[in-house]
Amino acid sequence: MRRPFIAGNWKMNLNRREAATLAGSIARRAGELAHLDLAVCPPSVYLETVGAALSGGPVGLGAQNMYHEAAGAFTGEISAAMLVDLGCRYVILGHSERRHILGETDEQVNRKVLAALAAGLTPIACVGELLEEREAGQTGEVIRRQFDRSLAGLPDEQMRRVVIAYEPVWAIGTGKVATPQQAQEVHLDLRKLISARYNQGLAQTVRILYGGSVKAANAAELLSQADVDGALVGGASLKADEFLAIAAGAQRN
């Protein structure tokens with residue numbers, strides 16, 4: 001049985017005081033949700049502050065990005081070891097905003113995934129299609145390409161540690177959301193890709209999250225789908241009540 005996982009991506013929002021307050025509010029109430037894993041991913045400059053607010057509790061700390069090199073002359077970048085040093089358990093990699101705004105490639109994501117795993121972090125590897133790709137019937141092709149390239153070269157034991165997030169780009173921050181059936185279809189396709197590369201047993205252990213305008217109002221139906229194991233939540237994760245209500249909608253499959 002895959003344990004549900006709800007992660008909040010705070011993106012480039014909040015100040016230090018707001019970040020600490022939000023983290024503290026989530027941490028105080030997380031004990032009510034013992035059947036799932038929770039994580040928050042604040043801006044990198046607030047990782048230490050948020051980590052302190054979460055200290056000793058069940059909510060995991062995650063980062064929104066990292067660089068694939070261990071150290072060196074890479075101005076402005078952050079290594080996996082630095083994230084571990086700050087107490088991070090997770091790191092979001094290949095988010096659509098990094099792919100489509102900042103030009104990140106599948107190959108770059110792949111190097112980051114391998115570096116994260118080597119450092120002991122759990123990568124939340126994101127895949128997802130643009131609106132024009134969905135309308136052209138290319139969703140399956142796009143997801144397959146991103147899966148093949150972004151998660152290339154992972155042996156079985158590493159693939160077991162990866163979390164995949166399906167994020168239809170057209171549903172991120174737009175208020176639009178994939179129907180539960182659309183989400184389930186892509187999640188099942190991803191599980192089939194894992195099974196084809198590895199085996200059915202491994203495919204049934206990897207957690208696949210949905211991301212794209214998830215709110216408390218639509219979470220329960222989305223998260224009830226057989227192959228949807230949780231959510232990568234954007235704007236709704238900036239309000240403790242909304243984020244925790246989404247988590248409450250995640251039932252054991």
Pairs of Cα atoms under 8 Å, at least six residues apart: use those to get the relative contact order of the chain, whole percent.
22
Once the Cα gyration tensor of region 1-64 is diagonalised, what are the square roots of 5 times its eigenvalues, in whole Å and ordered largest first, as equivalent ellipsoid semi-axes?
20, 13, 9
With +1 on each Lys and Arg Cβ and -1 on each Asp and Glu Cβ, how big is the dipole of region 1-123 about its Cα centre, in debye rounded to the nearest 20?
360
Within region 5-248, how many Lys pairs sit with Cα atoms under 21 Å apart, leaving out pairs fewer than 8 places apart on the same chain?
7
About the Cα centre of region 5-248, how large is the charge dipole given +1 on each Lys and Arg Cβ and -1 on each Asp and Glu Cβ? Please answer in debye to the nearest 20.
360
Using Cβ contacts closer than 10 Å as the measure, can you line up 239, 176 from fewest to most?
176, 239
Would you mind getting the Kirkwood hydrodynamic radius of region 1-148 from its Cα pairs, rounded to one decimal in Å?
16.4
Separation between Cα centres of region 83-136 and region 160-187, rounded to whole Å:
15
Once normalised by the length of region 1-67, the mean sequence separation of its alpha carbon contacts under 8 Å that are 6 or more apart gives a contact order in percent of 40
Using unit Cβ charges (K, R positive; D, E negative) and no other charged atoms, how large, in debye to the nearest 20, is the dipole of region 8-50 about its Cα centre?
160
Expressed as a rounded percentage, what relative contact order does region 1-143 have, with Cα pairs under 8 Å and six or more residues apart?
19
Bridge type composition, the chain - antiparallel percent by DSSP, nearest 5
0
Per GNM of the chain with C-alpha springs under 10 angstrom, the most fluctuating residue out of 157, 242, 97 is 157
Give me the percent of Cα-Cα pairs in region 107-246 that sit more than 20 Å apart, rounded to a whole number.
46
What is the fewest-to-most order of 96, 44, 213 by other Cβ atoms lying within 10 Å of their Cβ?
44, 213, 96
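No value in this document is a laboratory result; all are computed from the given coordinates. Because the structure is a prediction, the values reported are computed rather than measured. No Cβ is skipped: glycine too gets one built from the backbone with ideal geometry, and neighbour counts run over all protein chains shown.
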